[in-house]
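Asker: One structure, pasted below without further comment.
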Amino acid sequence: MAIGAFVEGPTGGAAAAAGYNGRVTSFVVLSCIVAGSGGILFGYDLGISGGVTSMESFLKKFFPEVYHQMKGDKVDVSNYCRFDSELLTVFTSSLYVAGLVATLFASSVTTRYGRRASILIGGSVFIAGSVFGGAAVNVYMLLLNRILLGIGLGFTNQSIPLYLSEMAPPQYRGAINNGFELCISIGILIANLINYGVAKIEGGWGWRISLSMAAVPAAFLTVGAIFLPETPSFLIQRGGGNTDAAKAMLQRLRGTAGVQKELDDLVAAAGAGQQGRPLRTLLGKKKYRPQLAMAILIPFFNQVTGINVINFYAPVMFRTIGLKESASLMSAVVTRLCATAANVVAMVVVDRSGRRKLLLAGGVQMILSQFAVGAILAAKFKDHGAMDKEYAYLVLVIMCVFVAGFAWSWGPLTYLVPTEICPLEIRSAGQSVVIAVIFLATFVIGQTFLAMLCHLRSGTFFLFGGWVCLMTLFVFFFLPETKQLPMEQMEQVWRRHWFWRRVVGTEEEEDDVMSAETAAAGSAIALSSSRGRN
């Protein structure tokens, strides 16, 4: 087997081969639409953050030093440094510190009280945060807005991908889970359109509309979550062995009475999940080393692509290279339209082409894009003076190629792959690790990007391109294919992989261990019986 070869999972009739029956019912679709809409919250905040920080009225009120740098009042400031402000980056990235802490609490809530409970908590806190944003009169209220939004996102981002993966039939799990990334992209697009529309409101209060409108998708999610059903996996956990409710839910979700095989797998997984604490199990057991590695590295690589440079700072960056306020905001809209279209492509092809092919192809696309932007900036954008408009728009085109490559590969698959590879006993903990890594890396990048741009200049984009090279090699060598394989049977991909089988052992080795344990247990019983007779 060639290095990097992946496990051939069941295709086409994968679910049938596993003994699973059913189809995508309207009940599944409606439930997943409501839950997946939580992605709009995340996307809306990403889009709003960069948009309002490029609005002159917002900067003049809360960040006057940045405003004067942007306007060119300080002629000795480099073009690359016009938005470099520690206070501005704290405003942008404080959300992710709050989200990092919140997602660790969300794991226990999701495990104990259910996926729906975490979604409800997240949506409610997000609404409260939106109120403080729209009513802000000083930086402290803005920071409170960001902290509350971070708590809300910590809960929703931890529970929603989990919910979607557990509700979806195995053969369509990729497409349904990718709907979360599509909602993120739609949220960013809506935010960019709102930013563009309110930027020219006389009186300079349009940014209040941008910040307060976050309450609309949050209210939709919160109200919708009240009516969401719980997943069969959680119903089995909560039922303590009573599977009647889970079986009824599975039959309703799959549109068939023949769900016994899937139910048996869920019950077996739930039985294993009763052993120990999920996070301690994930960190402590050798057989979960592959899941732990993926839960850390996949979201980390997601962030070091530089995607949040676009999500946070697209309007800021386009203003930096010479576009005016309206043009920079519209440029952010254009890049997001490309990303949204690419998300749809991902939903269509992910369960046919598989995860690896998308990640590898998207990685190559992003590498070329980052290096091209870096080369153009190095050649045509200096410390002082504006870039020629044709080169500014060429950067915009290349950025569209970049976000499209991310949106049909690393964007949606960062939420899908770690969720589907974790068995039930560690699934909630695994998702918390994923979201914690995303928030931590997003915070670091959000906190440092403007300073990096100021000091590294065009080299910033070569740095991101180098990271994309590294993560593409990681996928090639270490990520097995998981398309259409039932989540409860995912452990087999690690035992057949050229590298991970050395860590977790082969199926034959596990059978030997189980036989030894069974023999030891039998000997103990026999010895106990002998002593009893004596």
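Asker: What is the calculated FRET efficiency for Met141 to Ile296, with r their C-beta to C-beta distance and R₀ = 41 Å, to the nearest 0.05?
Answerer: Given R0 = 41 Å and the Cβ-Cβ separation, E is 0.75.
Asker: Solvent-accessible area of Ile398, probe 1.4 Å, all protein chains present, reported in Å² to the nearest ten, please.
Answerer: 30 Å²
Asker: Order 363-373, 113-123, 469-479 from most to least packed using the mean count of other Cβ atoms within 10 Å.
Answerer: Top to bottom by mean Cβ count within 10 Å: 113-123, 363-373, 469-479.
Asker: Residue by residue, what Karplus-based ³J(HN,Hα) values in Hz, rounded to whole numbers, does the range 141-153 have, using 6.51, -1.76 and 1.60 with θ = phi - 60° and x for Gly and Pro?
Answerer: Running phi through 6.51 cos²θ - 1.76 cosθ + 1.60 with θ = phi - 60° gives 5, 4, 5, 5, 4, 5, 5, 5, 4, x, 4, x, 5 Hz.
Asker: Apply the Karplus parameterisation 6.51 cos²θ - 1.76 cosθ + 1.60, with θ equal to phi minus 60°, to every residue of the range 447-458 and state each ³J(HN,Hα) to the nearest whole Hz, in sequence, with x for glycine and proline.
Answerer: Computed from phi, the couplings for the range 447-458 are 7, 10, 4, 5, 5, 4, 4, 5, 8, 8, 6, 5 Hz.
Asker: With a ≥ b ≥ c the root eigenvalues of the C-alpha gyration tensor of the range 385-427, is it rounded (a/c under 1.5), prolate (a/b larger than b/c) or oblate?
Answerer: Prolate is the answer for the range 385-427, as a/c is 1.5 or above and a/b outweighs b/c.
Asker: Could you name the lysines in cross-link range of Lys61, using Cα to Cα under 16 Å and dropping any fewer than eight places away on the same chain?
Answerer: Lys71, Lys200
Asker: How large is ³J(HN,Hα) for each residue in the range 156-164, as worked out from phi by the Karplus curve 6.51 cos²θ - 1.76 cosθ + 1.60 (θ = phi - 60°), to whole Hz, x for Gly and Pro?
Answerer: Per-residue couplings from phi come out as 5, 5, 6, 9, 5, x, 4, 4, 5 Hz.
The values are calculated or read from the model by the stated rules, or taken from the named source; none is laboratory data. This is a predicted model, so every value here is computed, not measured. No Cβ is skipped: glycine too gets one built from the backbone with ideal geometry, and neighbour counts run over all protein chains shown. These accessible areas exclude ligands, DNA and RNA; they are computed on the full protein's heavy atoms, side chains included. Shrake-Rupley method; radii C 1.70, N 1.55, O 1.52, S 1.80 Å.
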